[in-house]
């Protein structure tokens, strides 16, 4: 009986070893890796703009000299939406500053263009006047849903005692930052 017990113990140990080795071999053959990829992007906002027509004016409309303005014209900047994590939209406005008044945007200096005036831009309520190319004096807004309007306004302002007739066009780029 002693032999039977020893045999039985050896047989049980051998079977247990085979099961352990067998299961380890099966696990080794089925090992794999999970590759994870992705990115965490910062929130964003986008806008759209349309051309703005400041109208046709006569050079005599500026006969009062430098500083004479035209009437304001609405400049709608349309929200195309912002991510939910955006708290404030900051707008800066880049474009050539007028050489006679750095607080105004210059009209294009091309043959046949008007001389002696610039373009003033401010929030529609008049609370903030845009400084061309400023990185510190920005217009700050609460983000608007898609279709909402960031309301601005623009007008011509004479910079010299007399204005020379011609085209009075300019391009102003709206620069967005947000947090």
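The values are calculated or read from the model by the stated rules, or taken from the named source; none is laboratory data. Since this is a predicted model, take the numbers as computed values, not measurements. Methodologically, a virtual Cβ is constructed for each residue, glycine included, from the backbone with ideal geometry; neighbour enumeration extends over all protein chains shown.
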message = When you check residue 104 against the structure, is it surrounded by 15 or more Cβ atoms within 10 Å (Cβ to Cβ) and touching a helix residue (DSSP H, G or I) at 6+ places or on another chain (Cβ under 7 Å), yes or no?
response = no
query = Which one is modelled with the lowest pLDDT, of the residues in the range 60-76 that are assigned to a loop (DSSP other than H, G, I, E, B) and on the phi < 0 side of the Ramachandran plot?
reply = 63
Unmet criterion (only one of (1) at pLDDT 95 or above; (2) touching a strand residue (DSSP E or B) at 6+ places or on another chain (Cβ under 9 Å); (3) under 21 Å from residue 173 (Cα atoms); (4) assigned to a loop (DSSP other than H, G, I, E, B)) for residue 57 = (3)
note = Here, strands (runs of 3 or more DSSP E) confined to the range 91-179 with at least 1 residues that are under 29 Å from residue 45 (Cα atoms) and without any contact (Cβ under 8 Å) to a residue 60 or more places away in the chain are 117-123, 139-141
